[in-house]
Amino acid sequence: MIGILLLTQGHIGKAMIEAAEHMLGSKIPKLNALTANGSESSEKFLQTFQRELNSLDEGQGVLILADIYGASHTNMVQAFLKKDRIEMIAGTNLPMLIRVLNYRNLALEELAEKAFAGGNSGIVRSIIKSATNGN
């Protein structure tokens, strides 16, 4: 099973996990969140990050779903990315996470594609119809 790590500011990742578990009705294995709070040293953050990778990887790899591309925490983990082993998608949202959880049987590269597609298709602009014309 591919491990999934949410890498976010504050408690966004933990809240997304709680929402996904509520929606799916059960605790989800090999899914965790790492908070980037900026108050710890880079060395300590990277040590914690490495421990998370090790605990999530059962041999099929880890997909990192990050909040903001180019933020300090996503920049720091770039050196850990390895094709077919550790991949990262930034701009995570709940539809992306749900899509990933429903396709965990895929290979890492294919799962990353599903994550990207799920995140994009989850962003929708809803148009409000005018009350004056009855629509």
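The values are calculated or read from the model by the stated rules, or taken from the named source; none is laboratory data. All values reported here derive from a predicted model rather than from experimental measurement. Backbone-built Cβ (ideal geometry, glycine too); neighbour counts: all protein chains shown.
Scan the range 1-11 residue by residue and report those that are at pLDDT 95 or above and either in a helix (DSSP H, G or I) or over 12 Å from the mean Cα position of the chain (by Cα) (or both).
Correct list: Ile2 only.
Among the listed residues Ser39, Ser55, which satisfies the condition of being outside any helix (DSSP H, G or I) and not charged (D, E, K, R)?
None of the other options fit; the residue is Ser39.
Does Asn37 satisfy being surrounded by fewer than 16 Cβ atoms within 10 Å (Cβ to Cβ), at pLDDT below 95 and in contact with a Lys or Arg (Cβ under 6 Å, 6 or more places away or on another chain)?
no
Checking Ala20 against (1) at pLDDT below 95; (2) aliphatic (A, V, I, L, M); (3) closer than 21 Å to Ala115 by Cα; (4) part of a helix (DSSP H, G or I), which test does it fail?
(1)
I need the full set of residues from the range 25-52 which are closer than 15 Å to Ile86 by Cβ, of a type in the set (S, T, N, Q) and touching a helix residue (DSSP H, G or I) at 6+ places or on another chain (Cβ under 7 Å), in order please.
The one that is closer than 15 Å to Ile86 by Cβ, of a type in the set (S, T, N, Q) and touching a helix residue (DSSP H, G or I) at 6+ places or on another chain (Cβ under 7 Å): Asn32.
With the structure loaded, tell me whether Glu58 is at pLDDT below 95, out of contact with any Pro (no Cβ under 9 Å at 6 or more places or on another chain) and surrounded by fewer than 14 Cβ atoms within 10 Å (Cβ to Cβ) or whether it fails that test.
Criteria met by Glu58.
Name the helices (runs of 4 or more DSSP H) wholly inside the range 63-135 in which the number of residues that are surrounded by 12 or more Cβ atoms within 10 Å (Cβ to Cβ) and of a type in the set (Lys, Arg) is 1 or more.
Because the criterion is at least 1 residues that are surrounded by 12 or more Cβ atoms within 10 Å (Cβ to Cβ) and of a type in the set (Lys, Arg), the helices (runs of 4 or more DSSP H) in the range 63-135 that meet it are 94-102, 108-121.
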